[in-house]
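Novice: Quick one: structure below, then a few questions.
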Amino acid sequence: MTGTEGPDNGLVRLDGREGEGGGQILRSALSLSLITGRPFHITHLRSRRDPPGLRPQHLACVRGAEVLGGTSEGASVGASELSFTPGSVRAGDYLVEVGTAGSTPLLFQCLVYPLALAGGGRLTLRGGTHLPHSPSFHYVATVWQPVAMAYGLPVHLTMPQAGFYPEGAGELVAEVGAPRQPPLLVELPARGMLHEVHVSSFVGGLPFSIAERQSRATVATLRERGIVAEAENRPLPVTRSTGTVTFVLAQFEHTIAGFTALGEKGRPAEEVGREAGEALAHFMETGGALDEYLADQILLPAALLASGRLGKAEPGTTRFTAARVTDHLTTHARVVERFLPVRVQVDASGAVEVRPAG
């Protein structure tokens with residue numbers, strides 16, 4: 001990550017070609033800018049993606065950050081650079097229309113920390129809740145949420161309507177509380193014994209038999225690998241969109257992990273179910289305490305702890321192991337270091353440490 005860091009309130013310059021080269025840099029920068037009050041300028045946005053530049057789903061994050069407090073220059077579909085100047089985030093209730101192809105969970109994770117540090121409130125986000133290349137609502141509600149709570153960030157999530165690609169039309173509602181007493185140290189070197197696996201198979205606006213076929217395939221896939229799982233099948237409330245999703249939640253002795261597989265037109269339900277089961281099986285073959293998605297998502301609360309933003313915490317360090325070191329993880333780490341006085345060490349083996357700088 002190429003960046004220039006000045007005084008505490010100085011402009012942060014970012015090069016979007018570095019790291020994973022996608023929307024992660026922008027989303028992280030928006031959240032951290034609102035948290036720290038530091039403006040940023042980013043160039044070469046998504047220059048290695050096809051098509052390059054800002055897409056509607058990324059523009060939705062910029063607009064959401066503006067609703068919370070701030071102004072942007074150059075933010076339009078296809079833009080390769082933009083500037084963002086944060087304002088004063090205030091506690092309160094906010095409504096953001098993400099759009100049909102926009103991910104409400106991604107926008108939520110961009111806005112939740114600034115709102116919490118401002119005193120909390122309610123986020124109502126309308127758009128997609130279960131989209132490719134994005135955490136699903138169920139992942140955020142059952143895997144991310146307990147981690148946030150462990151860092152002293154109380155959040156309650158509900159989903160009045162599900163939204164699938166391409167129509168979206170879903171809704172995520174987050175009741176965000178002010179930070180509570182933070183932990184002094186977070187250490188997650190190993191996941192420990194597997195305690196329980198729960199399979200949830202959902203359909204929205206489609207025959208219920210699809211959910212049953214998905215869950216049967218997931219349970220069978222796990223059984224082949226010696227993993228016993230309980231399953232439930234449920235309908236999801238939808239408006240205009242239709243879709244299916246299988247979600248596997250694994251509770252370990254020390255950690256929790258989640259895996260999502262989405263249905264799509266023409267794809268057999270059995271294939272969706274197998275994908276979800278195989279994702280957990282592959283995770284079990286690694287030595288990481290956290291799945292690759294949570295390893296990325298835990299960085300920001302860990303950095304807030306290390307920088308003292310959550311309250312006094314000595315030593316304020318987080319250590320964990322990741323199932324896989326991804327470009328998302330390393331990119332996020334470098335962006336965090338540009339905005340906050342922290343150091344993020346990522347070892348090729350998967351060991352990660354987030355600590356105060358100095």
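Novice: Considering only C-alpha atoms, what is the centroid distance from the stretch 150-175 to the stretch 206-261, in Å?
Specialist: 18 Å
Novice: For the pair His282/Ala357, report the inter-label distance in nm, with labels modelled 7 Å from Cα in the Cβ direction.
Specialist: Between His282 and Ala357, the simple spin-label model gives 3.6 nm.
Novice: Additional query: Counting only residues 5 or more places away or on other chains, whose amide H sits under 5 Å from the amide H of Val342 once H atoms are built in the peptide plane?
Specialist: For Val342, the qualifying residues are Ala357.
Novice: Still on this structure, please answer the following. Just want the answer: with Cβ charges of +1 for Lys and Arg and -1 for Asp and Glu, which residue in Gln161, Tyr151, Gly64 is farthest toward the dipole's positive end in the chain?
Specialist: Highest projection toward the positive end goes to Gly64.
Novice: Same structure, new question: By its C-alpha gyration tensor, with a ≥ b ≥ c as the square roots of the eigenvalues, how is the stretch 111-263 shaped: rounded for a/c under 1.5, else prolate for a/b larger than b/c, else oblate?
Specialist: Working: a/c = 2.88, a/b = 1.16, b/c = 2.48.
It comes out oblate by the Cα gyration axes.
Novice: Add -39500 (n - 2.57) for each DSSP H run of 4 or more in the chain, then divide by its residues: what number comes out at 222 nm, to the nearest 500 deg cm²/dmol? Each step should come with its number before you reach the end.
Specialist: Details: 9 runs with 107 residues, N = 358.
-9500 deg cm²/dmol, from helical runs alone.
Novice: Hey, for a label at Arg234 modelled as a point 7 Å past Cα toward Cβ, could you say which residues of the stretch 132-147 have their backbone N under 17 Å away?
Specialist: Of the residues in the stretch 132-147, 136-146 have backbone N under 17 Å from the label point off Arg234.
Novice: Just report the Cα centroid separation between the stretch 305-343 and the stretch 29-60, whole Å.
Specialist: Cα centres, the stretch 305-343 to the stretch 29-60: 20 Å.
Novice: Magnitude of the Cβ-charge dipole of the stretch 26-80, K/R +1 and D/E -1, about the Cα centre, nearest 20 debye? Write out the running numbers ahead of the final one.
Specialist: Values: 7 positive and 3 negative charges, 40 e Å.
Dipole about the Cα centre, nearest 20: 200 debye.
Novice: Next question, about the same structure. Please list 3J(HN,Hα) in residue order for the stretch 351-358, calculated via the Karplus relation 6.51 cos²θ - 1.76 cosθ + 1.60 where θ = phi - 60°; whole Hz, with x for glycine and proline.
Specialist: Rounded to whole hertz, the list is 6, 10, 9, 10, 9, x, 6, x.
Novice: While we're on this one: Label the stretch 109-166 by shape, choosing from rounded, prolate and oblate, from the square roots a ≥ b ≥ c of the eigenvalues of the Cα gyration tensor; if a/c is under 1.5 it is rounded, and otherwise prolate applies when a/b is larger than b/c, oblate when it is not. Show your work: numbers first, answer last.
Specialist: Details: a/c = 2.18, a/b = 1.62, b/c = 1.35.
Prolate shape, in that a/c is at least 1.5 and a/b is the bigger ratio.
Novice: Points 7 angstrom from Cα along the Cβ direction at Ala150 and Glu97: gap in nanometres?
Specialist: Once both label points are built, they end up 3.9 nm from each other.
Novice: Decide, for the stretch 1-131, between rounded, prolate and oblate: order the square roots of the alpha carbon gyration tensor eigenvalues as a ≥ b ≥ c, take rounded if a/c falls under 1.5, and otherwise choose prolate if a/b is larger than b/c, else oblate.
Specialist: Oblate, because a/c is 1.5 or more while a/b does not exceed b/c.
Novice: For Cα extents along the principal axes in Å, the choices are [x] 66, 42, 34; [y] 76, 57, 42; [z] 57, 42, 37; which was calculated from the structure?
Specialist: Answer label, from the structure shown: [z].
Novice: Okay, moving on. Once you have the Cα-Cα distance between Ser47 and Ser209, take 0.36 nm times their residue separation minus that, and quote the gain in nm to one decimal.
Specialist: Values: separation 162, 0.36 × 162 = 58.32 nm, distance 4.30 nm.
Between Ser47 and Ser209, full extension yields an extra 54.0 nm.
Novice: Given a 1.4 angstrom probe, I'd like the percentage of the accessible area of the stretch 38-129 that is carbon and sulfur, rounded to a whole number.
Specialist: Here carbon and sulfur together make up 47 percent of the probe-accessible area.
Novice: Rounded to the nearest 5, what % of the DSSP beta bridges within the chain are antiparallel ones?
Specialist: Details: 48 of 72 bridges.
Close to 65 percent.
Novice: Right, another one. Using Cα atoms only, what is the angle between the long axis of helix 24-36 and the major principal axis of the chain, expressed in degrees (0 to 90) to the nearest 10?
Specialist: 50 degrees
Novice: Moving on to the next point. Modelling each spin label as a point 7 Å along the Cα-to-Cβ direction, I'd like the Thr158/Thr71 distance in nm, to one decimal.
Specialist: 3.7 nm
Novice: Give me the 1.4 Å probe accessible area per residue for the chain, excluding ligands and nucleic acids, in Å².
Specialist: Details: 14610 Å² over 358 residues.
Per residue, the chain has 41 Å² of solvent-accessible surface.
The values are calculated or read from the model by the stated rules, or taken from the named source; none is laboratory data. All values reported here derive from a predicted model rather than from experimental measurement. Neighbour counts are summed over all protein chains in view; Cβ atoms, including those assigned to glycine, are modelled from backbone coordinates with ideal geometry. Note: accessible area is taken over every heavy atom of the protein model, side chains too, but ligands, DNA and RNA are not part of it. Shrake-Rupley method; radii C 1.70, N 1.55, O 1.52, S 1.80 Å.
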